[in-house]
Amino acid sequence: MARKWGQQLKQLIVKKADLPEDVIMDLPRITMIGQLHIYIENHRGLLAFTDREVRLMLKHGQLLIKGSAFVIKTILPEEIMLEGQVEQVLFINE
Amino acid sequence: MKNQWTNYYTGYVKVKAFGRGTERLINSLTRRGLYVWDVKRISTEALVFYMEISDIPKLRQIVRKSDCKVTFLHGKGVPFLWKRVLKNSGFLVGLFAFLFSIFILSNMVWGIEVHNAKPETEHAIRKELERMGVKVGKLQFYLDDVDTIQRKLSDEIEELTWVGVELKGTTFHFQVVEKQQPKKVEATSPQHLVSKKKAIITEMFVEKGKSIVKVNDYVGKGQLLVSGIIGTEEKPEIVPAKGVIKGQTWYKANVEVPLETKFSVYNGDEKTKHYLKFWNVSIPIWGFIKPDYSDYEEEVTIRPLYFLQWKLPVSYKEKTWRSKEEIKRVYTKKEAVAEGKKMARSNLEKRVEEDAEIIGEKILHQSIENGKVKLSIHYQVIEDIATGQSIIQGD
């Protein structure tokens, strides 16, 4: 219950103070260039990586990217740059 | 994000990781701050990626804790390239040795050619050159420059009027002009002998012809000495008169000798600086102190370096400062007169023929004016006064 309160508070601050959501709420910021690149900030680690599917851990839930010929161009603790043919980006919330 | 272009210089490796949980390995690598790029899945259990060489010890620690194994596929970048270069250093050494030997050979003397010279003169030139060190196989660097060689040759070898020295690539060309040795003119045409100048005859030696004058006779210029017409008056015979008629002649010389003369002489102090010249920029390589001579002369020698037929932009430059001193020479009157006599005599010797003999000198007049000693000297000279005058026949 306390966590929910916190979340709501953050959302309130974002709304009132007009601050970027990804900074305050630890949400992933995803940038895509067509289907060629996908750049994800604020991820929490690599869960699965094949050339057709990449599964990333987020703070809440997971991010599933489907496509083909995936190559991780760079990977840093909180950033990942993926190259290939991106077809689907799915959020998985448990 | 890190600058990627430095990776090439620091070196990086391609790593293959296989086993279960390769993704977890990547996560722990990035969390430890390793920089990983171009991750590719090559099979269900294996990944390849690139990483920096300097991170390899960290990689080992992390791999030990994981379920994966890694192998290094190959390295890229300067360190690996350098390793390969060292491994093949024979080629590199060979290449440099080759360039170096060509460079050395390009700066050697490979030929000495003497043009338009008689065999004797050519031999003399070659001998003189050898003495000067100009030989086949010598480095041009240590030889005198062309102008110096030219000057030395013309000084040393008398038969030369002029010698042109040219360095074409590795060959010295000597263009020779020999002195025209005066040809002995055979006096075959009928002639009289006449006097060149006024004189008193001291000695007569007539080979052919009829002598008209006697010893101790005074003759004027152009006077007939030996006639080419001999025989009786009824049957005259015309011959080329020949002989040596020596006579006493007179010369007058005027000289001026200043009592005080200022000279600039080298006092032996000199300093040399060495430079390497790249295009127009001279970089000193030895000798950095500029000498503090009050008066000096500067001499610059530039020795070009060659590679095959090309002149390299690099050349060796030598700059020499020679200290000069002003010296004042003061003559007493007596010394000045002696000096004047000496000067006048050597001038006279240049004027008269070689076999002439100076038998007497007398100072006619002597005065000091504006710090100068003025001398007027009278000389008595014995010389050959005869010269040929052809007899015009026809009547």
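Among the candidates B:358, B:392, the residue that is farther than 30 Å from residue B:270 by Cα, open to solvent by 70 Å² or more (accessible area, probe 1.4 Å), more than 37 Å from the chain's Cα centre (by Cα) and not basic (Lys, Arg) is uniquely B:392. Can you say whether residue B:366 is more than 44 Å from the chain's Cα centre (by Cα), in the same structural domain as residue B:219 (by TED's automatic domain parsing) and under 30 Å from residue B:240 (Cβ atoms), as far as the supplied structure shows? Answer is no for this residue.
Based on this model, can you work out whether residue B:225 counts as in the same structural domain as residue B:338 (by TED's automatic domain parsing), of a type outside the set (Gly, Ala, Ser) and either open to solvent by less than 60 Å² (accessible area, probe 1.4 Å) or within 30 Å of residue B:371 (Cα to Cα) (or both)? It is true that residue B:225 is in the same structural domain as residue B:338 (by TED's automatic domain parsing), of a type outside the set (Gly, Ala, Ser) and either open to solvent by less than 60 Å² (accessible area, probe 1.4 Å) or within 30 Å of residue B:371 (Cα to Cα) (or both). Among the candidates B:337, B:381, B:373, B:300, the residue that is modelled with pLDDT of 85 or more and not assigned by TED's automatic domain parsing to the domain that holds residue B:246 is uniquely B:300. Applying the set (1) under 28 Å from residue A:53 (Cα atoms); (2) open to solvent by less than 20 Å² (accessible area, probe 1.4 Å) to residue B:16 leaves exactly one unmet item: (2).
The residue that is nearest to residue B:166 (Cα to Cα), counting only those in region B:132-149 that are without any contact (Cβ under 8 Å) to a residue 24 or more places away in the chain and either within 8 Å of the chain's Cα centre (by Cα) or surrounded by 14 or more Cβ atoms within 10 Å (Cβ to Cβ) (or both), is B:146. Selection of region B:288-298 for residues being open to solvent by 70 Å² or more (accessible area, probe 1.4 Å) and touching an Asp or Glu at 6+ places or on another chain (Cβ under 8 Å) yields an empty set.
The values are calculated or read from the model by the stated rules, or taken from the named source; none is laboratory data. Model, not experiment: these values are computed from the prediction. With ideal geometry, Cβ positions are generated from the backbone for all residues, glycine too; neighbour counts draw on all protein chains shown. Heavy atoms of the whole protein, side chains included, go into the accessibility calculation; ligands, DNA and RNA do not. Shrake-Rupley method; radii C 1.70, N 1.55, O 1.52, S 1.80 Å.
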